[in-house]
Amino acid sequence: MNDLTSLTLAQAREALRKRELSALELTNAHLSAIESARALNAFVLETPERAREMAQASDARLQKGEGGPLEGIPLGIKDLFCTDGVRTTACSHILENFVPTYESTVTANLWRDGAVLLGKLNNDEFAMGSSNETSCFGPVASPWRRRGSDTKLVPGGSSGGSAAAVAAKLCLGATGTDTGGSIRQPAAFCGIVGLKPTYGRCSRWGIVAFASSLDQAGPFARTVRDCAILMRSMAGHDPKDTTCADIAVPDYESFIGASVKGMRIGIPKEYRMEGMPPEIETLWQRGAQWLRDAGAETVDISLPHTKYALPAYYVVAPAEASSNLARYDGVRYGLRVPGSDIVDMYENTRAAGFGKEVRRRIMIGTYVLSAGYYDAYYLRAQKVRTRIKRDFETCFADGIDAILTPTTPSAAFGIGEKGRGDPVEMYLNDIFTVTVNMAGLPGISVPSGLDAQGLPLGLQLVGRPFQEETLFALGAVIEQAAGFFTPVRWW
Amino acid sequence: MMCLACEQDAMWFAYLQRKGLITPDGYLVEPPPSLADPVETVPAPAAASAEKPEPPASEPADKTNTFSCDDPAAQ
């Protein structure tokens with residue numbers, strides 16, 4: 001079998017089950033691809049020995065007619081997921097030598113089902129960023145380039161390594177986390193599928209925390225079906241995460257190709273932004289038409305508090321981050337920079353260990369939670385959040401099954417092009433995605449077309465709580481109409 | 001040189017102004033949320049009972065949502 005890295009996850013699963021190829025062959029093909037794609041900087045740690053051991057164990061199980069739903073499937077894991085005995089840094093200096101002695105629940109679920117660990121993937125430091133430029137390992141380069149240009153582009157963030165690795169065919173799928181758009185935005189920038197599940201669908205246990213009421217793990221893959229296959233393994237109740245819902249996990253794959261006839265799709269007027277490229281507006285209209293062609297009905301809706309989502313998010317998320325990151329004090333984890341006394345040691349460690357954007361968010365978070373400012377900032381932001389959530393609830397109560405929006409207000413931009421002077425310029429990347437985290441809803445980004453420069457654009461579908469299956473059914477309709485998008489290899 | 005808090009205020013002030021959400025003299029165009037407004041500190045989405053696509057075969061969804069959070073003050 002030629003070019004094993006071009007198989008989809010579903011095709012590879014089938015070939016492994018039929019013994020047309022071995023898990024070791026499949027793993028070796030991906031390890032070679034990773035080795036020849038170091039220019040992308042997608043992997044921050046390659047684990048070839050472990051990968052081959054896991055693949056051989058998979059082959060032994062497959063030989064006996066055994067094996068889980070992901071038996072022998074090679075995956076990349078965002079470096080925010082703790083992996084037992086494998087360095088996990090959150091791409092921060094402060095955790096540069098941290099080797100967990102435990103496994104995150106999501107990755108444990110993947111290994112239980114037979115998946116193979118290829119290595120750990122680059123991300124923005126502590127998942128704080130929208131371009132993968134804040135990683136202590138340096139930026140990830142997107143496998144995509146503008147037509148006729150050799151400018152390196154960002155893959156999006158924070159899960160930029162995951163999106164780049166999947167798009168460049170270095171792994172069949174990858175894990176990501178999404179606090180404000182960190183799965184959907186890089187999926188859109190890299191022309192692949194990314195799902196942010198309902199808050200509580202996947203366990204957060206063992207994932208380095210950024211903003212605990214917003215964080216959620218989810219899959220990246222090159223097709224909607226592959227995403228559905230991964231999601232079934234990743235999701236499920238976990239008593240170690242008290243916010244993890246005890247709701248049965250459906251066979252998401254069985255919803256691929258399901259009829260969407262009669263479904264009501266909301267088109268929110270507030271997502272028509274001033275200055276948005278006309279091709280995104282065109283793509284959005286085309287997406288709505290594809291869904292209508294499949295029998296769905298599109299309905300104009302209003303989400304009136306959308307305009308306040310970004311400022312409110314940038315109060316809530318830093319507030320929770322400042323609390324979560326208080327544990328990195330030089331005593332228990334990772335880096336320690338000595339000082340004249342313990343306070344001096346704390347200050348030296350945190351000043352040296354955290355990057356600029358993380359320090360900014362910790363200080364903002366501490367400020368908005370401090371006495372005298374709490375009501376004016378944090379409490380008010382939580383009230384706005386509640387209004388945003390109620391906007392969605394009203395739509396769903398009116399019979400809307402899902403909401404269609406662009407995933408991002410633009411295609412990928414060049415490394416170093418945005419956010420140097422004004423961080424809000426970078427934050428605006430997440431303007432269509434943060435509302436979904438604020439409301440705890442599921443959202444999927446599906447590649448839907450290319451812009452005039454040949455860069456991928458994505459459409460986002462937002463669903464009712466715990467109805468990821470609806471998103472897979474609708475996402476498959478868009479995928480079938482739009483086709484697939486593959487970058488031309490330059491690395 | 002501004003301190004971080006002033007810098008943040010300036011950034012967001014500029015953003016709100018660009019979006020037409022504040023008047024030129026800095027007042028909100030719409031009334032801000034009041035203290036009486038409700039707050040849900042975690043999203044706590046209830047499992048919605050909506051129409052789903054018909055798959056060839058699927059497990060019935062568990063109706064019992066034991067969703068909870070670790071904040072004792074949360075609803």
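Bear in mind these aren't lab numbers, they're just calculated from the coordinates by the rules spelled out. Since the model is a prediction, treat every value here as computed from it, not as a measurement. No Cβ is skipped: glycine too gets one built from the backbone with ideal geometry, and neighbour counts run over all protein chains shown.
Translational D (Stokes-Einstein, µm²/s) of the stretch A:214-267 at 37 °C and 0.692 mPa s when Rh comes from the Kirkwood sum over C-alpha pairs?
After rounding, the answer is 247 µm²/s.
Any idea what log10 I(q)/I(0) is at q = 0.14 Å⁻¹ for the stretch A:1-151, Debye with uniform C-alpha scatterers and no solvent?
-0.73
For a quick check of your reading of the filter: which trypsin sites (Lys or Arg not before Pro) in the stretch A:120-199 sit in a DSSP loop and have no more than 13 other Cβ atoms within 10 Å?
Within the stretch A:120-199, the qualifying trypsin sites (Lys or Arg not before Pro) (loop, at most 13 other Cβ atoms within 10 Å) are A:Arg147.
Going by amide H atoms built from the backbone, whose H comes under 5 Å of the H on A:Thr223, apart from near neighbours?
Residues meeting the criterion, in which the H sits 1.01 Å from N, are A:Val193.
To one decimal place, what orientation-averaged projected area in nm² is obtained for the convex hull of the Cα set of chain A?
22.1
What are the residues whose amide H is under 5 Å from the amide H of A:Ile247, where those residues sit 5 or more places off or on another chain and H is modelled from the backbone?
Amide H to amide H, under 5 Å and 5 or more residues apart or across chains, A:Ile247 pairs with A:His237.
How far is it, in nm, from the label point at A:Arg38 to the one at A:Arg61 when both lie 7 Å from their Cα along the line to the Cβ?
If labels sit at A:Arg38 and A:Arg61, their model points lie 3.2 nm apart.
Give the lysines reachable from A:Lys18 as a straight Cα distance under 22 Å; neighbours fewer than 8 places away on the same chain don't count.
The qualifying lysines are A:Lys64.
How long is the stretch A:13-63 along each principal axis, judged by its Cα atoms, biggest number first, in Å?
Per principal axis, max minus min of the Cα coordinates gives 36, 18, 12 Å.
Roughly how crowded by other chains is peptide A:234-246, in terms of the mean Cβ count from those chains within 10 Å of each of its Cβ atoms?
That works out to 3 on average.
Please give the average number of partner chain Cβ atoms lying within 10 Å of the Cβ of each residue in B:25-38, rounded to a whole number.
If you average over the peptide's residues, the count of other-chain Cβ atoms is 3.
With the cut-off at 1.5 for a/c, could you classify the stretch A:372-465 from its C-alpha gyration tensor as rounded, prolate or oblate?
Taking the square roots of the gyration eigenvalues as a ≥ b ≥ c, the stretch A:372-465 is oblate.
Give the long-range amide H neighbours of A:Ala402: residues separated by 5 or more places, or on another chain, with amide H under 5 Å away, using H modelled in the peptide plane at 1.01 Å from N.
Amide H neighbours of A:Ala402, under 5 Å, 5+ apart: A:Arg264, A:Gly266.
Take peptide A:134-140, look around each residue's Cβ out to 10 angstrom, count Cβ atoms belonging to other protein chains, and average those counts.
Per-residue shielding by partner chains comes out at 0.
With 26 Å as the limit, write out which pairs from A:Lys169/A:Lys389; A:Lys78/A:Lys356; A:Lys120/A:Lys240 have Cα-Cα distances beyond it, or answer none.
A:Lys169/A:Lys389, as the Cα separations exceed 26 Å there.
With the Cα gyration tensor of the stretch A:318-430 in hand, give its eigenvalues times 5 under a square root as the equivalent ellipsoid semi-axes, listed largest first in whole angstrom.
Equivalent-ellipsoid dimensions as semi-axes: 35, 21, 13 Å.
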